[in-house]
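A short write-up of the structure that comes next.
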Amino acid sequence: MGPLPWQPWSVPTPSEPGPDLLARVGDECAAAAQRARHVRIDPEALADYTDRLELGAEAVPVFDAEHHYRGDPSSTVLAVLCLDAVNFGSGWFPRFRKRPGRSGYLTVAESLRDWFVQNPPTAAELAGVEVDRVGAIFGQSGNPQVADLMQLFGTALNQLGSLLVSDFSGDPELLVRAADGQAGRLVQVLVQMPMFDDVATVDGRRVSFFKRAQLTAVDLALALPDHELGHFDDLDRLTIFADNLVPHVLHTDGVLEYDAELTEQIASGQLLPAGSRAEVELRAVAIHACELMVDRLGGRATAADLDYLLWNRGADQRYRDRPRHRTETWFY
């Protein structure tokens, strides 16, 4: 797989109106859920599940200092941007060389942490990093089964570095400041990079997700809770960060129902093609289900809180014992 095309982008100034991308995600996923053929919400199960949720400490997102990098504000911002630039690959993770006792994601996070501890890269270095170096950073040198994933990681880092150099004088702080304290605006900045532009089409209708772009705002807030670079006024407007784990948790817990065809595909370990109807429905219906749950909770939790709760719940053995859907995509 060759590198994806990229080019410098022009980021609108705060005074220029832009699309409400956060509202677009919720609205388009709700519409997709209404048209879904393979995935449906069990309304009674959703209501019961929501009412039984324990919204204690496990629903409050916290910064994971053990596995993630945190240094001075500028290097921390760059580390978060880099992590979310390559925060994908779940379709490859069964073939990914993992660190002992670590998942695919934690292997990526720790590898990036170690890279930054040794010598944080510059934006120019990111723009020019080559695939052999990427493979070494993430511990995948000599692993041909994920060679294409390392190519994609390299392209993602190239796009980030190129955007920082062309539009922000190589300064990651300037990129975040361009958001003017608005997560929705940060999403708008980030999705100008092709690999952050997480949008699908079903029945000729757009379905937006912007998973990694939305997650970047939360990750910055967690990493820099007492700094203006980590402050966003609208985090409560984010949706969940749709991947292949949250739908799996909701399905295992009886909130989502799959049709027989999709159930068999997942059980047999078949890869779901990226952008296929079933793959899009899994993500869109999970987002809509969590939006309904947030409404039912009446302000006691945000979608980001629910995502944190459900994603961590997915680490329990009973969820790991059942196969989840796998898709080779750069969106999650």
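The values are calculated or read from the model by the stated rules, or taken from the named source; none is laboratory data. Given the structure is predicted, the values throughout are model-derived calculations rather than measurements. As a convention, Cβ positions derive from the backbone with ideal geometry for all residues, glycine included, and neighbour counts pool all protein chains shown.
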In segment 311-332, residue surrounded by the fewest Cβ atoms within 10 Å (Cβ to Cβ) [restricted to those that are without any contact (Cβ under 8 Å) to a residue 40 or more places away in the chain and not in a loop (DSSP other than H, G, I, E, B)]
317
Could you go through segment 165-173 and let me know if any residue there is touching a Phe, Trp or Tyr at 6+ places or on another chain (Cβ under 9 Å), of a type in the set (Gly, Ala, Ser) and closer than 27 Å to residue 224 by Cβ.
yes
Quick one: residue 177 ticks every box in (1) within 30 Å of residue 23 (Cβ to Cβ); (2) in contact with a Ser or Thr (Cβ under 7 Å, 6 or more places away or on another chain) bar one, so which box is it?
(2)
Just to check your reading of the model, which residue among 101, 135 is of a type in the set (Gly, Ala, Ser), without any contact (Cβ under 8 Å) to a residue 40 or more places away in the chain and surrounded by 15 or more Cβ atoms within 10 Å (Cβ to Cβ)?
135
Segment 296-310 - residue that is over 15 Å from residue 44 (Cα atoms) and either without any contact (Cβ under 8 Å) to a residue 12 or more places away in the chain or charged (D, E, K, R) (or both) and, of those, surrounded by the most Cβ atoms within 10 Å (Cβ to Cβ):
307
Any chance segment 124-131 includes a residue that's touching a Cys at 6+ places or on another chain (Cβ under 8 Å) and either buried (at least 16 other Cβ atoms within 10 Å of the Cβ) or touching a residue at least 12 places away in the same chain (Cβ under 8 Å) (or both)?
yes
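For segment 196-212, state whether one or more residues are part of a helix (DSSP H, G or I), surrounded by 15 or more Cβ atoms within 10 Å (Cβ to Cβ) and among the β-branched types (Val, Ile, Thr). Explain how you work it out, then say what you get.
Within segment 196-212, the subset part of a helix (DSSP H, G or I) is 196, 211-212.
Those still in the list that are surrounded by 15 or more Cβ atoms within 10 Å (Cβ to Cβ) too: 196, 211-212.
Cutting the leftovers down to among the β-branched types (Val, Ile, Thr) gives us none.
No, segment 196-212 contains no residue that is part of a helix (DSSP H, G or I), surrounded by 15 or more Cβ atoms within 10 Å (Cβ to Cβ) and among the β-branched types (Val, Ile, Thr).
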Condition (residue is farther than 30 Å from residue 118 by Cβ, touching a residue at least 12 places away in the same chain (Cβ under 8 Å) and not aliphatic (A, V, I, L, M)) applied to segment 59-72: is it met by at least one residue?
no
Identify the residue in segment 213-251 that is among the small types (Gly, Ala, Ser), in a helix (DSSP H, G or I) and within 17 Å of the chain's Cα centre (by Cα) and, among all such residues, is farthest from residue 275 (Cα to Cα).
223
Is it the case that some residue within segment 261-275 is crowded, with 16+ Cβ neighbours inside 10 Å, of a type in the set (A, V, I, L, M) and either within 17 Å of residue 305 (Cβ to Cβ) or under 16 Å from the mean Cα position of the chain (by Cα) (or both)?
no
Got a sec? Which of 315, 304 is more than 25 Å from residue 205 (Cα to Cα) and modelled with pLDDT under 95?
315
Here's a check for you: in segment 177-195, which residue that is part of a helix (DSSP H, G or I) and farther than 14 Å from residue 214 by Cα is farthest from the chain's Cα centre (by Cα)?
177
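Name the residue that is surrounded by the most Cβ atoms within 10 Å (Cβ to Cβ), counting only residues in segment 16-56 that are of a type outside the set (Lys, Arg) and assigned to a strand (DSSP E or B).
Initially, segment 16-56 is screened for residues of a type outside the set (Lys, Arg), giving 16-23, 25-34, 36, 38-39, 41-51, 53-56.
Those left that are additionally assigned to a strand (DSSP E or B): 39, 41.
Working: 39: 26, 41: 18.
Ranking the qualifying residues of segment 16-56, first place goes to 39.
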Mind counting the residues in segment 162-194 that are surrounded by 18 or more Cβ atoms within 10 Å (Cβ to Cβ) and closer than 20 Å to residue 331 by Cβ?
12
